[in-house]
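Colleague: Questions regarding the structure given below will be posed in turn.
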Amino acid sequence: IIEALKAHPEMNAHFLGDRIARFEKVSLGMAVDTTRGLMVPVLGDACCLSLDELSAGIRGLAEECREGTIEPDQLTGGTFTMTNLGMLGVEHFTPVLNIPEVAILGVGGISVRPVRGENGEVNFVDSIALSLTMDHQAIDGAPAARFLKDLVETLENYSGDPAANEEGE
């Protein structure tokens with residue numbers, strides 16, 4: 001998500017009624033289901049963290065939400081939010097926008113789907129449904145679709161090596 005947002009800064013923004021505020025850094029909100037309802041903690045400056053740091057930060061914030069120890073200031077300041085219902089077995093859904101952010105990404109569950117290979121053979125591959133909700137007052141559908149396309153390509157080509165990914169390998 002962060003790599004795609006860097007290439008599409010119009011998605012890392014707030015719609016403020018009379019203007020749009022774009023952000024250089026990504027402060028990633030993650031929807032967390034708790035016994036007290038949905039909470040969206042924010043991992044500030046997520047764009048500056050390694051994959052391990054992102055993972056630990058997300059895990060820690062989710063745990064704080066579930067334990068009720070999250071601080072109010074950790075629930076504000078997001079520039080883009082993601083939500084995942086895949087762990088509940090939901091394959092497709094439409095996430096609700098987290099105002100004033102201009103977009104939110106929904107991640108569905110893993111399913112197996114058929115894909116035709118180069119020689120016409122059918123292979124079965126793991127697939128994850130992604131759905132993007134955006135505020136049409138701030139962004140048109142075509143730029144949002146290009147963001148989603150680039151996100152999919154980034155995910156499909158991710159090598160796990162940050163240096164290789166920065167070089168486009």
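Colleague: How many residues does the range 1-39 contain that are assigned to a strand (DSSP E or B), under 16 Å from T83 (Cα atoms) and not hydrophobic (A, V, I, L, M, F, W, C)?
Modeller: Summing the residues that are assigned to a strand (DSSP E or B), under 16 Å from T83 (Cα atoms) and not hydrophobic (A, V, I, L, M, F, W, C) in the range 1-39 gives 4.
Colleague: Can I ask one more? Part of a loop (DSSP other than H, G, I, E, B), touching a Ser or Thr at 6+ places or on another chain (Cβ under 9 Å) and of a type in the set (D, E, K, R): does that describe E91? Give the derivation first.
Modeller: Numbers: part of a loop (DSSP other than H, G, I, E, B): yes; touching a Ser or Thr at 6+ places or on another chain (Cβ under 9 Å): yes; of a type in the set (D, E, K, R): yes.
Answer is yes for this residue.
Colleague: Going by the conditions given, is G78 surrounded by 13 or more Cβ atoms within 10 Å (Cβ to Cβ), in a strand (DSSP E or B) and not aromatic (F, W, Y)? Even if it seems obvious, please write down each step before you answer.
Modeller: Numbers: surrounded by 13 or more Cβ atoms within 10 Å (Cβ to Cβ): yes; in a strand (DSSP E or B): no; not aromatic (F, W, Y): yes.
The answer is no for G78.
Colleague: Still on this model: For the subset of the range 48-75 comprising residues that are polar (S, T, N, Q) and in a helix (DSSP H, G or I), which member is surrounded by the fewest Cβ atoms within 10 Å (Cβ to Cβ)? Break it down stepwise before answering.
Modeller: The initial filter retains those residues of the range 48-75 that are polar (S, T, N, Q), namely 50, 55, 69, 74.
Then keep just the ones that are in a helix (DSSP H, G or I); that gives 55, 74.
Details: S55: 11, Q74: 17.
Here the answer is S55.
Colleague: Then there is this: Kindly list, by first and then second residue, each pair from a residue in the range 54-77 that is of a type in the set (D, E, K, R) to a residue that is open to solvent by less than 60 Å² (accessible area, probe 1.4 Å), limited to pairs with Cβ atoms under 6 Å and residues at least 6 apart or on different chains.
Modeller: What qualifies is E64/I70; R66/T34.
Colleague: Tell me, please, whether a residue that is under 20 Å from I104 (Cβ atoms), among the small types (G, A, S), in contact (Cβ under 8 Å) with a residue 60 or more places away in the chain and touching a helix residue (DSSP H, G or I) at 6+ places or on another chain (Cβ under 9 Å) can be found in the range 19-36.
Modeller: There is at least one residue in the range 19-36 that is under 20 Å from I104 (Cβ atoms), among the small types (G, A, S), in contact (Cβ under 8 Å) with a residue 60 or more places away in the chain and touching a helix residue (DSSP H, G or I) at 6+ places or on another chain (Cβ under 9 Å).
Each row is one residue, and each column tells you yes or no for (1) at pLDDT below 90; (2) in contact with a strand residue (DSSP E or B) (Cβ under 7 Å, 6 or more places away or on another chain).
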{"position": "N119", "(1), (2)": "no, no"}
{"position": "F124", "(1), (2)": "no, yes"}
{"position": "S131", "(1), (2)": "no, yes"}
{"position": "M134", "(1), (2)": "no, yes"}
{"position": "Q137", "(1), (2)": "no, yes"}
{"position": "Y158", "(1), (2)": "yes, no"}
{"position": "D161", "(1), (2)": "yes, no"}
{"position": "G168", "(1), (2)": "yes, no"}
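The values are calculated or read from the model by the stated rules, or taken from the named source; none is laboratory data. As the structure is a prediction and not an experimental result, all values here were calculated from the model. Heads up, the Cβs are rebuilt from the backbone with ideal geometry, glycines too, and the neighbour counts pull from every protein chain shown. Only protein heavy atoms, including side chains, enter the accessible area calculation; ligands, DNA and RNA are left aside. Shrake-Rupley method; radii C 1.70, N 1.55, O 1.52, S 1.80 Å.
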